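The values are calculated or read from the model by the stated rules, or taken from the named source; none is laboratory data. Since this is a predicted model, take the numbers as computed values, not measurements. All Cβ positions, glycine included, derive from the backbone under ideal geometry; neighbour counts span all protein chains shown. Just the protein is used for accessible areas: all its heavy atoms, side chains included, with ligands, DNA and RNA removed. Shrake-Rupley method; radii C 1.70, N 1.55, O 1.52, S 1.80 Å.
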There are 2 protein chains.
Amino acid sequence: MNKQNLQSVKVFSPATVANVACGFDVIGLALDAPGDEMELRISHTPGVKITAIEGAKLPLEAAQNVAGVALMAMLQEYGQPDLGIEVSIKKNIQPGSGIGSSAASAAGAVVGANKLLNDHFSPEALVRFAMEGERLASGTPHADNVAPAIIGGFTLVRSYQPLDIVRLHTPDDLWVTVIHPQIEVKTSDAREILKQKVLLKDAIRQWGNVGALVAGLYQEDYNLISRSLEDVIVEPIRSILIPAFHDLKIRCKEAGALGGGISGSGPSVFMLSKGESNARSVADMMEKIYAPLGVDYKIYVSRISTSGVRVI
Amino acid sequence: MNKQNLQSVKVFSPATVANVACGFDVIGLALDAPGDEMELRISHTPGVKITAIEGAKLPLEAAQNVAGVALMAMLQEYGQPDLGIEVSIKKNIQPGSGIGSSAASAAGAVVGANKLLNDHFSPEALVRFAMEGERLASGTPHADNVAPAIIGGFTLVRSYQPLDIVRLHTPDDLWVTVIHPQIEVKTSDAREILKQKVLLKDAIRQWGNVGALVAGLYQEDYNLISRSLEDVIVEPIRSILIPAFHDLKIRCKEAGALGGGISGSGPSVFMLSKGESNARSVADMMEKIYAPLGVDYKIYVSRISTSGVRVI
């Protein structure tokens, strides 16, 4: 294929888990599935146009759409006022699920558009553009979903000023099980209930766990990963918003999970496991716990995606 | 040498840097030098006896000496009431320096005695015994000096209940420069000025840096290590106790250091560098800054010890 002639591209943009246990606001990971499918095309009408959205009720107006604002930020920096990009979106990740629905749209849009621009921008620049989508979605331009969606694997946001994203080593045999209870938890509400100050001793415990989790990933030491998946700061507060959270945590570990926590700001809950078989036993346990509750739910079992958004 | 016949042993026990920047209370590292020299002997008089201390004024009574209480904890768990151990200590690490003087005595004592007991105890058990020395020295049985002294390299204390020590990867070409201003900063005072609560946003920044520092060590990414050596919680408070601290930090980085901070609870300040040549330039800069101050000081340049306490 001649690079100059690439006029359209289809991408798959994965769901992501942010706030990986102790790594609140800094550590995220990408799933292989579910994910949104998006098609992007060069257009002769300047600017960004969302032509269609399937699977969710979301605004078509570019300035009100996370994919739209991410692309607008990108085009502004690209600096060719005549350039137009059209995008159509098939949402497979439900908005408000806590597994990076808005991030997937923003990340897919900028990675796809970058293909049409012959990979003009670096992955870190793409993260910056996609963060504008997050700003629209939640009021805060956070990177802990868009970074793993764009870069793949486990990522760590070391700093925002300047933006500093670290791709962490991802052990081969690490799987994720996610349950999405179909209840609404708004990111803004979930953020409001957090305290502005925390005990120094709790913070120390948390960063001990963060350091150990990162070491566990590099050493592929699943026991160490398991011991480190502990959040003493945010989970005790936010978990009250999620039905049967403590039951899930305890019994999923009994079923073979290494550990887990709230995905993003919820309501989804994720569990990490060594190997697919454990991840599926964890899914069965989630079902067993949720089936009697009278709350609708979806369960996903996925490997961790090492690529992030990919062309399909 | 016949193992059963080992009646005495000489060890070298290294200085250590605890509170490695962002890793307050959890990350420590061992130096190759300076270090204490200790000789331990099996004795027919039950219990622990300190026969001599050279180089510092410290109590000879075992129950008042950090090496003594560490050995007493060890012998109690060993459970042979007739067993006696004698120890003589040559202190090369000045008490109160902030580079793990008490930890070196406690660590050297238990590693040496363990040789006399045919390596009966695991390194983690030895850390536990040596922590009793730290309890005597500072009121808190902390592990972030004794762990690197015993295990070597960079260590991370993930948890105390249960004790969980992680040995981190140590890049080959990482060097340490330490300046010890000859002023007194008591660990207990340094601890008292800390606030019990910290801002959540500062804590998040700190654990982002901890995760990135650990990733930098595993990836041997010196730039990432450099960017992560930032402490937004403790250093802003404690650094007021150390003459010319900010000057040291800024100008040592200009001289080639990756970064650094307060060693332990001070007054020593450490800087990490890539390679010996940079570490020596940093030492020159430290001297240049401190020479006009009218404060006595010692400067050390050392590789990171990957072995910890060693038999000599």
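Side notes on the structure shown:
- Where a residue in the stretch A:298-312 is among the charged types (D, E, K, R) and its partner, wherever it lies, is open to solvent by less than 90 Å² (accessible area, probe 1.4 Å), with Cβ under 6 Å and at least six apart: A:298/A:180; A:303/A:32; A:303/A:175; A:310/A:12
- Filtered residue count, the stretch A:158-181, keeping only those that are of a type in the set (D, E, K, R) and part of a strand (DSSP E or B): 3
- Screening residue B:158 on (1) touching a residue at least 12 places away in the same chain (Cβ under 8 Å); (2) open to solvent by less than 10 Å² (accessible area, probe 1.4 Å); (3) over 22 Å from residue B:239 (Cβ atoms); (4) within 20 Å of the chain's Cα centre (by Cα) shows it passes everything except condition (2).
- Candidates A:147, A:190, filtered to the one that is in contact with a helix residue (DSSP H, G or I) (Cβ under 9 Å, 6 or more places away or on another chain), within 14 Å of chain B (Cβ to nearest Cβ), closer than 20 Å to residue A:97 by Cβ and at pLDDT 95 or above: A:147
- Scan the stretch A:126-155 for residues that are open to solvent by less than 10 Å² (accessible area, probe 1.4 Å) and of a type in the set (D, E, K, R) and the total you get is 2.
- A single member of B:225, B:165 is open to solvent by less than 30 Å² (accessible area, probe 1.4 Å), more than 7 Å from chain A (Cβ to nearest Cβ) and over 26 Å from residue B:286 (Cβ atoms), and it is B:165.
- Only a single item in (1) within 20 Å of residue B:307 (Cβ to Cβ); (2) touching a Phe, Trp or Tyr at 6+ places or on another chain (Cβ under 8 Å); (3) assigned to a helix (DSSP H, G or I) is not met by residue B:104, and it is number (2).
- Residue B:198 under 30 Å from residue A:23 (Cα atoms) and within 11 Å of chain A (Cβ to nearest Cβ): yes
- Counting only strands (runs of 3 or more DSSP E) that sit wholly inside the stretch A:1-58, those with at least 1 residues that are crowded, with 16+ Cβ neighbours inside 10 Å and in contact (Cβ under 8 Å) with a residue 60 or more places away in the chain are A:8-17, A:27-43.
To keep it simple, each residue is scored yes or no on (1) touching a Cys at 6+ places or on another chain (Cβ under 6 Å); (2) assigned to a helix (DSSP H, G or I); (3) free of Cβ contacts under 8 Å to residues at least 12 places away in the same chain; (4) surrounded by fewer than 19 Cβ atoms within 10 Å (Cβ to Cβ).
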position: A:211; (1), (2), (3), (4): no, yes, yes, no
position: A:233; (1), (2), (3), (4): no, no, no, no
position: A:267; (1), (2), (3), (4): no, no, no, no
position: A:279; (1), (2), (3), (4): no, yes, no, no
